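Have a look at the structure below, then the notes.
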Amino acid sequence: MKHIAYIGLVSVLTCLASCSDFLDKVPYEDPSAEALKDEASAIALVNGAYQPLQRPKLYNMRIWTLDIVAGNSEVGAGGGTDGIETVTLANFVATADNAAALDIWRGPNPGILYCNTILESIPEMNISEFLKNRCLGEARFLRAHYYFLLVQLFGDVPMTIHTVGPDDDLLPARTDQSTIYNEVIIPDLLAAIELLPVREEYAGSDIGRASKGAAAGMLAKVYLTLGMYEECVEMCELVESLGYVLNPDYSDCFGGEERNKNTAESLFEVQYYGLTNADFWSDENQACWLSTYMGPRNSGWVGGAYGWNQPTQEFVSQYEEGDLRKDKTILYEGCTPFEGNTYKSTMSNTGYNVRKFLIPLSVSPDYNTNSASVVVLRFADVLLMKAEALNELGRTSEAETPLYQVRQRAGLTNRNDVEDLSEDQMRELIRKERRLELAFEGHRWFDMIRWDNGQYALDFLHSIGKINAARKHLLFPIPQKERDANPNLTQNPGY
């Protein structure tokens with residue numbers, strides 16, 4: 001085992017160890033490798049592996065802005081250069097110096113480093129077998145998730161699955177993404193399923209950690225992305241067997257109150273605890289940004305209210321009459337007032353704002369006090385994945401039930417709408433349901449680029465006037481700063 005890469009890591013993890021309620025542990029202060037022996041140090045190591053998910057480079061900003069790139073919404077914001085990196089991505093004119101691409105490229109790498117350290121150090125610790133397995137399972141789940149984000153957005157990326165010492169290649173080339181799927185992502189998630197406890201085994205401050213259900217749900221998504229439909233159905237059914245259910249109300253999935261966090265529907269969330277002494281813009285900030293960024297600009301309705309992520313008319317037109325998700329997802333003129341405030345179409349460039357993540361001032365009184373989680377994976381997504389995989393297997397009639405479950409909660413209760421459809425009709429309906437059910441949660445771009453080998457994305461983007469979109473844009477550019485630092489990194493075609 002190589003100690004060199006992590007000797008200085010535990011001192012870093014000390015400041016990361018309180019990255020959410022379940023990470024709020026006593027700091028571990030001895031940075032020597034010899035001190036990595038007890039349960040406190042094991043927990044501190046694992047806690048640090050979660051923290052990169054919270055940063056602006058991933059779930060606090062860049063992942064949800066992918067819905068803008070996917071055409072569900074516009075940047076909005078303050079105009080001018082505000083959010084220009086997202087504007088250029090969404091207009092498909094971004095170059096290799098794009099700041100958002102650089103953020104997303106760099107975002108997972110600290111987490112991968114922490115996971116590699118855990119996987120090499122934990123087996124030698126004198127701790128209980130239960131905690132050892134849990135820590136290893138969490139690391140395998142997180143590493144798979146970090147790599148899954150990278151390969152979906154960039155294709156081939158460097159693969160580092162061990163701690164790195166001075167004798168190792170410090171300028172790695174890109175590894176074929178199929179190798180990363182087969183040697184890291186899938187094996188890690190299969191191992192995590194075996195190692196992790198079910199969510200009900202977590203209690204108190206540990207609630208929210210990765211669980212067996214989270215790993216199975218993530219693997220279902222990986223299999224669906226790869227067109228492994230039988231395996232996807234198997235994983236979805238495993239999730240079902242673990243007792244996950246839809247929340248009674250769509251709005252119960254979101255919000256800054258404790259009842260909206262880690263609900264019966266939730267498989268995995270990025271946790272925040274809201275109150276923090278760290279700078280709002282820092283990696284250590286503990287405020288969820290969704291409400292802050294998406295509140296109608298300068299409205300004073302929520303803390304911050306920066307006016308980002310404004311839904312388009314084309315998106316809003318997709319709602320069927322009677323779809324309860326519309327009023328719970330967006331603000332529009334004539335909608336139910338928000339905390340007594342009447343929405344006007346003049347409050348955004350498109351006439352709409354996102355509603356589903358907004359937190360009242362009574363819950364989060366300032367821009368940096370929001371303790372809401374960012375939901376990464378929930379049971380409705382699993383049901384829609386199962387429906388899609390069944391349909392692609394030609395089992396269209398079986399796909400009706402999971403699809404109807406999702407629509408029924410949305411108030412679309414006519415079972416005839418999902419019955420006796422052709423495979424093509426069912427495919428179209430499932431794709432529409434995924435767009436509406438998971439709107440602004442960061443899934444749309446990943447769906448678009450996997451459907452029909454990416455042709456769906458190009459056809460859709462052209463249909464809404466994004467004529468610059470070309471096949472090269474299905475992957476982001478490898479950041480030029482990274483290529484300058486590592487000459488072994490090749491560029492994606494066309495950039």
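Taking segment 290-303, which residues are buried (at least 24 other Cβ atoms within 10 Å of the Cβ) and closer than 12 Å to ALA77 by Cα? Full working, then the answer.
Of segment 290-303, the ones buried (at least 24 other Cβ atoms within 10 Å of the Cβ) are 290-296, 302.
THR292, TYR293, MET294, GLY295, PRO296, listed by residue number.
Residues checked against (1) farther than 24 Å from ILE186 by Cα; (2) touching a Gly at 6+ places or on another chain (Cβ under 8 Å); (3) of a type in the set (Gly, Ala, Ser); (4) not in a loop (DSSP other than H, G, I, E, B):
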{"position": "ALA214", "(1), (2), (3), (4)": "no, no, yes, yes"}
{"position": "GLY227", "(1), (2), (3), (4)": "no, no, yes, no"}
{"position": "GLU231", "(1), (2), (3), (4)": "no, no, no, yes"}
{"position": "GLU237", "(1), (2), (3), (4)": "no, no, no, yes"}
{"position": "ASP252", "(1), (2), (3), (4)": "yes, no, no, yes"}
{"position": "GLY255", "(1), (2), (3), (4)": "yes, no, yes, no"}
{"position": "THR263", "(1), (2), (3), (4)": "yes, no, no, no"}
{"position": "GLU284", "(1), (2), (3), (4)": "yes, no, no, no"}
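Pick from segment 169-201 the residues that are part of a loop (DSSP other than H, G, I, E, B) and touching a residue at least 60 places away in the same chain (Cβ under 8 Å): which of them is most open to solvent (accessible area, probe 1.4 Å)? Let's see the steps before the verdict.
Within segment 169-201, the first condition is being part of a loop (DSSP other than H, G, I, E, B), and the residues that meet it are 169-174, 176, 196-198.
Filter once more, keeping what is touching a residue at least 60 places away in the same chain (Cβ under 8 Å): 171-174, 196-197.
Details: LEU171: 69, PRO172: 36, ALA173: 52, ARG174: 45, LEU196: 5, PRO197: 7 Å².
Filtering segment 169-201 for residues that are part of a loop (DSSP other than H, G, I, E, B) and touching a residue at least 60 places away in the same chain (Cβ under 8 Å), the one most open to solvent (accessible area, probe 1.4 Å) comes out as LEU171.
Working only within segment 128-144, note down all residues that are open to solvent by 20 Å² or more (accessible area, probe 1.4 Å) and among the aliphatic types (A, V, I, L, M). Passing the criteria: only LEU136. Which residues, counting only those in segment 313-346, are touching a Gly at 6+ places or on another chain (Cβ under 8 Å) and open to solvent by 30 Å² or more (accessible area, probe 1.4 Å)? GLN313, GLU314, GLY322, LEU324, TYR332, GLU333, SER345 - these are the residues of segment 313-346 that are touching a Gly at 6+ places or on another chain (Cβ under 8 Å) and open to solvent by 30 Å² or more (accessible area, probe 1.4 Å). Screening ASP381 with (1) outside any loop (DSSP other than H, G, I, E, B); (2) open to solvent by 30 Å² or more (accessible area, probe 1.4 Å); (3) closer than 30 Å to MET218 by Cβ gives one miss only, at (2). Condition check for GLU428 on (1) surrounded by 13 or more Cβ atoms within 10 Å (Cβ to Cβ); (2) not in a loop (DSSP other than H, G, I, E, B): one failure, at (1).
Looking at segment 463-479, can you tell me whether even one residue there is crowded, with 21+ Cβ neighbours inside 10 Å, without any contact (Cβ under 8 Å) to a residue 60 or more places away in the chain and not hydrophobic (A, V, I, L, M, F, W, C)? The answer is no, given that none of the residues of segment 463-479 is crowded, with 21+ Cβ neighbours inside 10 Å, without any contact (Cβ under 8 Å) to a residue 60 or more places away in the chain and not hydrophobic (A, V, I, L, M, F, W, C).
Rundown of residues vs (1) in contact with a strand residue (DSSP E or B) (Cβ under 7 Å, 6 or more places away or on another chain); (2) within 16 Å of ASP249 (Cα to Cα); (3) buried (at least 21 other Cβ atoms within 10 Å of the Cβ), yes/no style:
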position	(1), (2), (3)
ARG395	no, no, no
VAL406	no, yes, yes
ASN414	no, no, no
ASP424	no, no, no
GLU437	no, yes, yes
PHE440	yes, no, yes
ARG444	no, no, yes
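Remark: pairs (first residue in segment 235-248, farther than 11 Å from GLU265 by Cβ; second residue surrounded by fewer than 19 Cβ atoms within 10 Å (Cβ to Cβ) and not polar (S, T, N, Q); Cβ separation under 7 Å; 6+ apart in sequence or on different chains) = LEU242/VAL198. The residues listed here are ASN91, ASN60; of these, the one that is open to solvent by 10 Å² or more (accessible area, probe 1.4 Å) and in contact (Cβ under 8 Å) with a residue 60 or more places away in the chain is ASN91. Of the residues that make up segment 109-125, is at least one closer than 19 Å to GLN177 by Cβ, among the hydroxyl-bearing types (Ser, Thr, Tyr) and crowded, with 22+ Cβ neighbours inside 10 Å? No: zero hits.
Would you check if there is a residue in segment 115-133 being closer than 26 Å to ASN370 by Cα, in contact with a helix residue (DSSP H, G or I) (Cβ under 9 Å, 6 or more places away or on another chain) and at pLDDT 95 or above? No: zero hits. Taking the numbered list (1) of a type in the set (Gly, Ala, Ser); (2) part of a helix (DSSP H, G or I); (3) open to solvent by 20 Å² or more (accessible area, probe 1.4 Å); (4) closer than 24 Å to LYS386 by Cβ in turn, SER205 passes all entries but (4).
The values are calculated or read from the model by the stated rules, or taken from the named source; none is laboratory data. These numbers were taken from a predicted model, which means no experiment stands behind them. Note that we place each Cβ from the backbone using ideal geometry, even for glycine, and neighbour counts take in every protein chain shown. The area values use the complete protein model at the heavy-atom level, side chains included, leaving out ligands, DNA and RNA. Shrake-Rupley method; radii C 1.70, N 1.55, O 1.52, S 1.80 Å.
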